[in-house]
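Comments concern the structure below.
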Amino acid sequence: AIAIRMRLPPLRIGHGHDSHRLEQGRPLILGGVTVPFEKGLVGHSDADVLLHAVTDTLLGALALGDIGDWFPNTDSQWKGADSAVFLREAVSAVHERGWSIANLDCTIFAERPKLAPWRQEIQENLAELLGVKLGDIVTVNVLEPRPTCGCPRSIRLCGKGPEFPALIFWPIPKIMAG
């Protein structure tokens, strides 16, 4: 038997999840996209559950804490903040430490509204925020769980295994001139 040794570059995998309850009178923002609906997510910032989970995923993969450490809800500067600001900071932290994003897969659990009409726009916005190519990297799946009472109460990103938002990081090769 011939043994083949492969030396793979180091990689980091992060997992994140988030959930926010729905309430009348708030905009529903998912992945930086405003989705028409009679309710929106409640939170200190814009409550974008998808961008929060992805931000936590990035920070967690590099053992940098979580979104609450970086952008505490006790700090008034983050009141009503666009969650894209949080994600951009996390992406910068990834790059500053010599890593690049290789893969993102996330699942949104929502009874209502139906998100299929906005899925592509959400994926495109995520790819842009992460600085990656849409077709090669980002997938956003929407699972519509069985209704429990006929009225949506929250939207969440969570699960087990591949249902978590997961990012895989590869180090950026450093090439020095000779």
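List of remarks:
- Which listed residue, of Leu115, Leu51, Leu87, Leu59, is in contact (Cβ under 8 Å) with a residue 40 or more places away in the chain, touching a strand residue (DSSP E or B) at 6+ places or on another chain (Cβ under 7 Å) and either loosely packed, with under 15 Cβ neighbours inside 10 Å or aliphatic (A, V, I, L, M) (or both): Leu115
- When residues of segment 70-95 are limited to those that are modelled with pLDDT of 95 or more and not hydrophobic (A, V, I, L, M, F, W, C), the one nearest to Leu129 (Cα to Cα): Arg88
- Looking only at segment 44-81, residues that are within 16 Å of the chain's Cα centre (by Cα) and not hydrophobic (A, V, I, L, M, F, W, C) come to 11 in all.
- Restricting segment 90-109 to residues that are open to solvent by 30 Å² or more (accessible area, probe 1.4 Å) and assigned to a helix (DSSP H, G or I), the residue that is farthest from Gly31 (Cα to Cα): Glu96
- Among the residues of segment 64-84, those identified as open to solvent by 80 Å² or more (accessible area, probe 1.4 Å), assigned to a helix (DSSP H, G or I) and of a type in the set (S, T, N, Q) are Ser76, Gln77.
- Residue ID - most open to solvent (accessible area, probe 1.4 Å), chosen from residues in segment 118-139 that are over 11 Å from Val33 (Cβ atoms) and among the acidic types (Asp, Glu): Glu128
- Whichever residue in segment 27-42 is of a type in the set (Gly, Ala, Ser) and open to solvent by less than 20 Å² (accessible area, probe 1.4 Å) and, among such residues, is modelled with the highest pLDDT: Gly31
- Boolean, Gly135 is at pLDDT below 85 and out of contact with any helix residue (DSSP H, G or I) (no Cβ under 8 Å at 6 or more places or on another chain): yes
The values are calculated or read from the model by the stated rules, or taken from the named source; none is laboratory data. Since the structure is predicted, the reported quantities are computational estimates derived from the model, not experimental observations. Counting neighbours? That spans all protein chains shown, and the Cβs are built from the backbone with ideal geometry, glycine included. Heavy atoms of the whole protein, side chains included, go into the accessibility calculation; ligands, DNA and RNA do not. Shrake-Rupley method; radii C 1.70, N 1.55, O 1.52, S 1.80 Å.
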